[in-house]
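What follows is a single structure, written as structure tokens, with notes after it.
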Amino acid sequence: MTTPSKKPLLAAFDFDFTLVEDDSDGYIFDVLSPGLRQKMTELQGKVQWTDLVVSSKQPLTCLINYINTATLQHQLLGELHQEGKTKQQIIEAIGTIPFNPAIITMFGTIKAAGGDIIIVSDANTVYIDEILKAKNARQYITEIVSNPGTWGPDERLSVTRRVKPPAVHGCKGVCSLNLCKGMEMIERMEGYELVLYGGDGRNDHCPMTKLKKGDVALARTGHSLEKLVKSDVKHLEAIQARALWWNTPEELLGHVQKVLSH
Ligand SMILES: [Mg+2]
Ligand SMILES: [Zn+2]
């Protein structure tokens, strides 16, 4: 009897503050509309408050239409459109987001080992696609799993949720209503011998808990994932995979090179 052969490697990464050195949702307003950036910061306080309520007492169904990252971005992009910002301006601005070339070297290392690279992000497909093209990195990526972004005929950029109400992803972790990265990983991990997952945020904890013992969690220090893990040891214990911590993209590259050289 022959066992179906597995592919060697799946490498999945968060996008903001993992593959790029800023938050794309905020960066676009930093460049094109500081006033909207300010507004975003104020409204984000409410988003976090909503997340808190979701996790404590209210039934999920009551909260389906509450604001979250994708809906907030959609709303603010409508205002950016009203300010007269064009598709061309948005594409050019988003492409200047800070990016470290060590990430390109890392992608090359993964591809040389026969790996598939996917992105699992709560940003949106338009930002990720345009940024990767601007950094000459689009060709390395097999799939972008994110909130769908689409251009209207009037050049208004729309963002919809990855998981649209009334559907729910059913995860009881700290994931937001529109996306559970853990569920997305479960659907894609099967059939790979080794899985790497890299990320920096609270919503990168869930996918790291879905990795198996021999897999590798590439966890960035200095962001909300580290805070979450340090807040309660059970969050660390929930990760069975080997956890390798990194702070700079060069350190991330070093971990990946080491893991794949064995
Ligand atoms: Mg991130
Ligand atoms: Zn989840």
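Readers should treat all values here as calculations from the given coordinates under stated rules, not as data from a laboratory. What you see is a predicted model, and the numbers here were worked out from it, not measured in a lab. No Cβ is skipped: glycine too gets one built from the backbone with ideal geometry, and neighbour counts run over all protein chains shown.
A113 versus E251, label points 7 Å from Cα toward the beta carbon: distance in nm? Reported label-point gap for A113 and E251 is 1.9 nm.
A cut-off under 12 angstrom between Cβ atoms defines the neighbours of D14, and their net charge, with Lys, Arg +1 and Asp, Glu -1, is -3.
With 24 Å as the limit on Cα-Cα distance, the pairs of K135/K210; K6/K135; K181/K230 that go past it are K135/K210; K6/K135. Taking 7 Å steps out from each Cα toward its Cβ at E187 and T105 produces label points 3.5 nm apart.
Taking each DSSP H run with n ≥ 4 as -39500 (n - 2.57) and averaging over every residue of the chain yields -13000 deg cm²/dmol at 222 nm. Dividing the convex hull volume of the alpha-carbon atoms in the chain by its residue count gives 146 Å³ per residue. Hydrophobic long helices, here whole DSSP H runs in the chain with Kyte-Doolittle means of at least -1.0 and Cα atoms spread over 27 Å or more along the helix axis, are found at 34-56.
Computed about its Cα centre, the charge dipole of region 7-261 is approximately 600 debye, with only Lys, Arg, Asp and Glu carrying charge at their Cβ. Among residues other than A112 with Cβ under 15 Å from its Cβ, the summed charge is +2 (Lys and Arg +1, Asp and Glu -1). Can you give the FRET efficiency for K227 and E83, using 1/(1 + (r/R0)^6), R0 = 30 Å, r = Cβ-Cβ distance, to the nearest 0.05? It comes to 0.30.
Label-to-label distance, D30 versus S261, with points set 7 angstrom from Cα along the beta-carbon direction: 3.3 nm. The loop-placed GluC sites (Glu not before Pro) in region 70-102, going by DSSP, that have at most 16 neighbouring Cβ atoms within 10 Å of their Cβ come out as E83. Taking other residues whose beta carbon is less than 11 angstrom from the beta carbon of N147, and scoring Lys, Arg as +1 and Asp, Glu as -1, yields +1.
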